[in-house]
């Protein structure tokens, strides 16, 4: 953990460092898309090959209870990325979205705050924020759209059906997607990172690198050798698998694009095929992350670099009858969060509930930049130092328009469907996979009533537009 030194030592340290502004730490931010918390082998949830993410997990600290707040439309990534780049909670970020040009002019975006403190800034990959990367970063390469390829690729819809030929081939370049341009987009991110590492190795300035993979978002395409690692008999159907979620229509998600990628009702065969492709593209991305880590070592700057790895949100891929992320279950709200660096404990696992957007103020604090008052998320450093056991009193989640809410208080989680006034209640301590709904059991009437009351008050704090 971070060790908090006596005040006299800290003052001496400040004097020592005052002449070494160039020794500010580098910040390397690696961002995946649609990656669930349970897809890193070192964390022990799933049989998946992720040797380089395991490397990060073992060389640093893993936050095992990391959340995204949800989103204001089907593209949850837009909300997640707007929040991390502005520091605002969900609804203030939504209200700020049409005014981001003003934020840029005021130099209040994440990268701008670091750049103004002397950092050389670089971006590559998926952006999906309504702001011009060229105005925010010093160097920009291959800015990618929200998802690879056309929004509608009918060959991938409602598939696969057991016993019928699969119209989709994750390796066939004719479908473009990640293959558009002739080189897999995950490989391009690593190429760009290697190039910038070479440039920054000759610079005296600290760097901030924002590397955003489109993987493992659909269309989940990877080279054949990665698919071959996951024969169907290796793939396990999630314990929470059900053929169809009973409140999908009430949650306003049954016909959302993510959900029509697999047939209704869900089948174990279809889920296995989707999970096979999901694991393959994650393993392929993991190899590119290995290239990035090797390039960092080669640059000579690894010893003074903090690395953050996370994803913008999770994904269902067969849990609870969902394929997508537009729901309030743990598999869709939770993401991996790995932190490494010169003062980070190795092999540490922290179960404090945090938000992935806490990375933003954490990086500012590491860089010695005062966290602006408008930033609503909190630095992770006090948690890693052992000075704070509770990062937030409550964890909040939402999916619009007005269709789903999540609220976590201590070990209990309440999911609410306002359009039908339906509640579900889970004890995350004893039932982490959310298999046992307690909402209809008389023993938990008081718990649910308390949760409703707390949430009614908390909605105001979150500027929730739900009436």
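A few points about this structure:
- If R0 is taken as 41 Å, the Cβ-Cβ distance between residue 260 and residue 294 corresponds to a FRET efficiency of 0.55.
- Pairwise centroid distance, computed over Cα atoms, of the range 128-167 with the range 82-122, Å: 24
- Arranged from fewest to most other beta-carbon atoms within 10 Å of their beta carbon, 179, 457 become 457, 179.
- Part-to-part distance (alpha-carbon centres) for the range 251-276 and the range 208-227, which is given in Å: 20
- Exposure proxy for 413, 24, 452, 99: other Cβ atoms within 10 Å of each Cβ, ordered fewest to most, give 99, 452, 24, 413.
- Over the chain: helical MRE at 222 nm, DSSP H runs n ≥ 4 each giving -39500 (n - 2.57), nearest 500: -8500 deg cm²/dmol
- Label of the coordinate-derived value, Kirkwood radius over Cα pairs in Å, listed as [x] 22.8; [y] 23.8; [z] 26.2: [x]
- Applying 1/(1 + (r/R0)^6) with r as the Cβ-Cβ distance of residue 225 and residue 155 and R0 = 30 angstrom yields a FRET efficiency of 0.85.
- Label point distance in nm, residue 172-residue 269, each placed 7 Å from Cα along Cα→Cβ: 1.9
- Counted over the chain, the DSSP beta bridges are approximately 45% antiparallel.
- Per-residue Cβ neighbour rank within 10 angstrom, fewest leading, 453, 240, 363: 453, 240, 363
The numbers here are math on the coordinates, done by the rules we state, and not lab data. The model shown is predicted, which means the values in this text are computed figures rather than measured ones. Cβ sites come from the backbone with ideal geometry, for glycine too, and all protein chains shown count toward neighbours.
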